[in-house]
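Here is the structure we will look at.
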Amino acid sequence: MPTTLYARYHSLDLSRGIAVLAILVVNIWAFALPFSAYGNPSVYGDMSGANYWTWLLSYVLVQEKFITIFSLLFGAGVALFVDHARARAAPVAALHYRRMVTLLVIGLLHAYGLWSGDILTAYAVLGMVLYLFLRCADRTLLLWALALIGISLLLLAAFAVSLPKLPATDLAELSEFWQPATAQIAQEIANYRGGWWQQMQTRVPTTLELQTMLLSFYAIRLLAHMLLGVYLYRSGFLTGVWSASAYRWCALLGLGIGLAMAYRGAIGNVEAGFSFAHAMGFGQLWNNIGSLIAALGYLSLFVLWSQSGVAPLCRQWLEQAGRTGFTLYLGTTLICTTLFYGHGFGLFATLDRFALFVIVVAVWALLLLFAHVWLARFRQGPFEALWRYCTYGRR
């Protein structure tokens, strides 16, 4: 029966809650600025003073770290769901694939109807593949994860090596993606400041482009992180089974090494003038590798916090955000598209990066308040309940 209750892992709720809030620090750029400005901040807006420091700290502390945490937690969540279904002798495969198909439908509606930056579609597709690995032994899972991470890094390195040898037409197309013409940026701004249907002129091709990249070039890396998440769940790392000293060492080394690598990558991009050849070549490897290491460091800190008596009220509210993480992720889109797109307040491409961070803090407050008030009356967030209903066919 789908109504069976299980003890919640506070460390998972806390980690998910922090991740769903923290990711907005960089996602706000994708909501509020031209698409190319997410990867290449020199494309649009001021990059001096507070704006520069906002970008630098966001890049080093957040960019790629919390999407990695999302992927690790998604893998752990799939494993947890399957474990619970097997414990009830439920039809595991049928329930899992219904769950992923539901996520796929919601993701497609989200991506094409509201925001191109959707990750749910890719997670749904890869979640279907992930299920095929779940009967593997823990060591085999870890070996698969490490092998796929290695393959993804080799592909990135091969791309970097091949860049100077690409035909001129291909290089021009890539350069246009990285540094669009002024007229193209102006058209994107006009479309997003227009009504919903006018936004589709930019949103549909951008979504297709992003989903093609996610499900081809970056799929191996995402699947590797999901597999690693399954391993970390089964080994007890994510659920607080390891010793406190082990978590402290993981936090110290993970954040020390990972954030240092991310900083090196950020400064390298600045020194190279955010050139495409550097930023999308070997320059991206610093943050790519450092983000996984830092993500493990962050997760170690979150587990330690979940087991401590430090700031219990703050921890409780963040855990509530984790329990409603699916709803808050979609709620973030509803809030931000209303703020920045033409069917709402039309603030697209009008604010600098520091002002956008101030908005992030305000959105955090709204999301935390919603989760707190909602869970005072209901056991699940509204989209969590919908997802469960579509999976089991009953409330």
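The values are calculated or read from the model by the stated rules, or taken from the named source; none is laboratory data. As the structure is a prediction and not an experimental result, all values here were calculated from the model. Ideal geometry is used to build each Cβ from the backbone, glycine not excepted, and the neighbour counts take in all protein chains shown. Quick note on the areas: whole protein, heavy atoms, side chains included, nothing else; ligands and nucleic acids left out. Shrake-Rupley method; radii C 1.70, N 1.55, O 1.52, S 1.80 Å.
Summary table below
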read-out: Charge-dipole axis of the stretch 240-358 as Lys and Arg at +1 and Asp and Glu at -1 on Cβ define it, positive-most pick from Leu253, Thr337, Thr327; value: Leu253
read-out: Convex hull volume of the stretch 140-196 per residue (C-alpha atoms, cubic angstrom); value: 135 Å³
read-out: Relative contact order of the chain, pairs being alpha-carbon contacts under 8 Å that are 6 or more residues apart, as %; value: 31 percent
read-out: Rg/Rh for the stretch 139-262, where both radii come from Cα atoms and Rh is the Kirkwood radius; value: 1.12
read-out: Residues of the chain: accessible area per residue with a 1.4 Å probe, Å²; value: 44 Å²
read-out: Sequence ranges 13-24, 203-214, 94-105, ranked by mean other-Cβ count within 10 angstrom, highest first; value: 13-24, 94-105, 203-214
read-out: Largest-first ellipsoid semi-axes for the stretch 315-395, taking √(5λ) over the Cα gyration tensor eigenvalues, angstrom; value: 28, 16, 9
read-out: Additional length obtainable on full extension of the chain from Leu57 to Gln201, 0.36 nm per residue less Cα span; value: 48.5 nm
read-out: Two-decimal log10 I(q)/I(0) for the stretch 45-169, as the Debye equation yields it once each C-alpha is a single scatterer, q = 0.10, 0.12, 0.22 Å⁻¹; value: -0.51, -0.71, -1.26
read-out: Mean residue ellipticity (222 nm) of the chain, computed from DSSP H runs ≥ 4 via -39,500 (n - 2.57), nearest 500; value: -24500 deg cm²/dmol
read-out: Zero-based 5 Å bins, Cα pair distances in the stretch 1-90, whole percents; value: 3, 11, 18, 17, 13, 10, 8, 7, 6, 4, 2, 1
read-out: Under the span-like rule (Cα at least 27 Å along the axis, Kyte-Doolittle mean at least 0.5), DSSP H helices of the chain; value: 65-87, 92-113, 138-162, 244-271, 284-306, 353-375
read-out: Check: the chain dipole with +1 on Lys, Arg Cβ and -1 on Asp, Glu Cβ, in debye; value: 1540 debye
read-out: Surface share of carbon and sulfur [accessible, 1.4 angstrom probe, percent] for the chain; value: 70 percent
read-out: Kirkwood-type radius of the stretch 197-290, with distances r between different C-alpha atoms, in Å; value: 16.4 Å
read-out: Fraction in percent of alpha-carbon pairs per bin - 5 Å, the stretch 70-117; value: 5, 19, 20, 22, 16, 10, 5, 2
read-out: Shape of the stretch 240-344, Cα gyration tensor, a/c cut at 1.5; value: oblate
read-out: Cα-projected label distance for Ala385 with Phe354, points at 7 Å along beta-carbon direction, nm; value: 4.3 nm
read-out: Surface/4 of the Cα convex hull for the chain, nm²; value: 19.3 nm²
read-out: Alpha-carbon Rg/Rh ratio, for the stretch 305-353, with Rh computed the Kirkwood way; value: 1.22
read-out: Of every Cα-Cα pair in the stretch 103-177, the percent that sits beyond 17 Å; value: 68 percent
read-out: Quarter of the Cα convex hull surface for the stretch 178-235, i.e. its orientation-mean projected area (nm²); value: 5.8 nm²
read-out: Cα centroid separation - the stretch 307-369 against the stretch 23-87, whole Å; value: 13 Å
